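Notes for the one structure printed next.
The values are calculated or read from the model by the stated rules, or taken from the named source; none is laboratory data. Just so you know, these numbers come straight off a predicted model, no measurement behind them. Backbone-built Cβ (ideal geometry, glycine too); neighbour counts: all protein chains shown.
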Ligand SMILES: CC(C)(COP(=O)(O)OP(=O)(O)OC[C@H]1O[C@@H](n2cnc3c(N)ncnc32)[C@H](O)[C@@H]1OP(=O)(O)O)[C@@H](O)C(=O)NCCC(=O)NCCS
């Protein structure tokens, strides 16, 4: 199911047919350099997709596939995930793309429409992104979609920066 469209992208639900392409992306150490648990195996990627499908059943948010419209290429994911930071639950906007798709504005394009989904469809007053200190590309995406550096924190034992938009 398509969740949103941009000029170049579909934001859509994952399905099991994405497994091969998605496993290549999540199995790449460069893509997973900034992540809690590092690269994922094919089996872990299947479990990831399974969790996404469960979330779609129960919720009107989730982690969605980013697909290039011109050739149906899976580029990665972008979506909304509830996260607990210092004991408080917030909705996080997250994104991750395959290396060969970096630097073309795709993450900004995907994150912009997912931000709008959070603001206008879900009417969330407050949205965060949890970003490791050295992940400058990710800071830039957050800034470009109107998020601001809010504070330093820790997440999963790592030092992170919290970017946010709106008010709690
Ligand atoms: C973060 C990520 C999604 C960015 O994707 P992208 O499609 O390359 O991003 P965009 O092309 O939309 O670029 C966004 C901005 O970041 C900048 N940028 C991209 N890579 C950069 C880098 N390595 N260093 C500094 N800035 C960088 C771009 O120049 C652009 O800013 P500008 O328009 O002011 O020039 C991608 O690098 C990625 O998937 N990384 C691995 C996963 C990850 O870390 N996800 C975030 C976890 S918090």
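For this structure, a couple of remarks:
- Residue 142 within 9 Å of the ligand (Cβ to nearest atom) and in a helix (DSSP H, G or I): yes
- The single condition among (1) modelled with pLDDT of 95 or more; (2) at positive phi that residue 4 does not meet is (2).
- Number of positions in region 39-72 that are closer than 19 Å to residue 23 by Cα and in contact with a strand residue (DSSP E or B) (Cβ under 7 Å, 6 or more places away or on another chain): 8
- Scan of region 65-121 for residues that are surrounded by 15 or more Cβ atoms within 10 Å (Cβ to Cβ) and either over 16 Å from the mean Cα position of the chain (by Cα) or free of Cβ contacts under 8 Å to residues at least 12 places away in the same chain (or both), ordered by number: 85
- Residues of region 122-168 that are surrounded by 13 or more Cβ atoms within 10 Å (Cβ to Cβ) and at positive phi: 146, 166.
- Residue 103 being part of a strand (DSSP E or B) and modelled with pLDDT of 95 or more: no
- None of 150, 134, 92, 109 is within 13 Å of the ligand (Cβ to nearest atom), farther than 17 Å from residue 34 by Cα and out of contact with any helix residue (DSSP H, G or I) (no Cβ under 6 Å at 6 or more places or on another chain) except 109.
- Of all the listed residues (71, 116), the sole one being in a helix (DSSP H, G or I), on the phi < 0 side of the Ramachandran plot and more than 11 Å from the ligand (Cβ to nearest atom) is 116.
Every residue, every condition in (1) under 26 Å from residue 29 (Cα atoms); (2) modelled with pLDDT of 95 or more, yes or no:
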{"site": "58", "(1), (2)": "no, yes"}
{"site": "62", "(1), (2)": "yes, yes"}
{"site": "70", "(1), (2)": "no, yes"}
{"site": "75", "(1), (2)": "yes, yes"}
{"site": "81", "(1), (2)": "yes, yes"}
{"site": "87", "(1), (2)": "no, no"}
{"site": "90", "(1), (2)": "no, yes"}
{"site": "94", "(1), (2)": "yes, yes"}
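- Hits in region 25-56 (condition: part of a loop (DSSP other than H, G, I, E, B), more than 13 Å from the chain's Cα centre (by Cα) and either at pLDDT 95 or above or surrounded by 15 or more Cβ atoms within 10 Å (Cβ to Cβ) (or both)): 27, 28, 29, 30, 33, 38, 39, 40, 41
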